[in-house]
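A short write-up of the structure that comes next.
The values are calculated or read from the model by the stated rules, or taken from the named source; none is laboratory data. No experiment lies behind these values; they were computed from the predicted model shown. Cβ: placed from backbone, ideal geometry, glycine included. Neighbour counts: every protein chain shown.
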Amino acid sequence: MYVRTGENEKTWFRSERFFHINDKWFFYTREFTQEGPFDSKREAELELNLYLRHANDDFYKEQVLN
């Protein structure tokens, strides 16, 4: 398994990010926030991708500016 730069090698436990409550879909982030509700799992997946894209953009901008 590849380890990200600056992280020690360790065992990672994966869990399902998406969950379904009362006909609505949600996802968890690494920051332990709960995002949603969304009308479908597909919508939650798309929103997670958008969330990750923005998080990565902010990370890379911070790296370039420093």
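Contact list please: Cβ distance under 9 Å, first residue in segment 14-34 and assigned to a loop (DSSP other than H, G, I, E, B), second residue among the hydroxyl-bearing types (Ser, Thr, Tyr), pairs at least six apart or on different chains.
SER15/TYR28; GLU16/TYR28; ARG17/TYR28; ARG17/THR29; THR29/TYR51
What is the residue count in segment 26-54 for residues that are exposed (fewer than 13 other Cβ atoms within 10 Å of the Cβ) and farther than 15 Å from SER15 by Cα? Steps first, please.
Applying the first criterion (exposed (fewer than 13 other Cβ atoms within 10 Å of the Cβ)) to segment 26-54 yields 30-34, 39-40, 42, 46, 49-50, 52-54.
Those still in the list that are farther than 15 Å from SER15 by Cα too: 39-40, 42, 46, 49-50, 52-54.
Matching residues across segment 26-54 total 9.
Given the conditions (1) assigned to a helix (DSSP H, G or I); (2) at pLDDT 95 or above, and given that LYS61 satisfies all but one, which numbered condition is not satisfied?
LYS61 satisfies all of (1) assigned to a helix (DSSP H, G or I); (2) at pLDDT 95 or above except (2).
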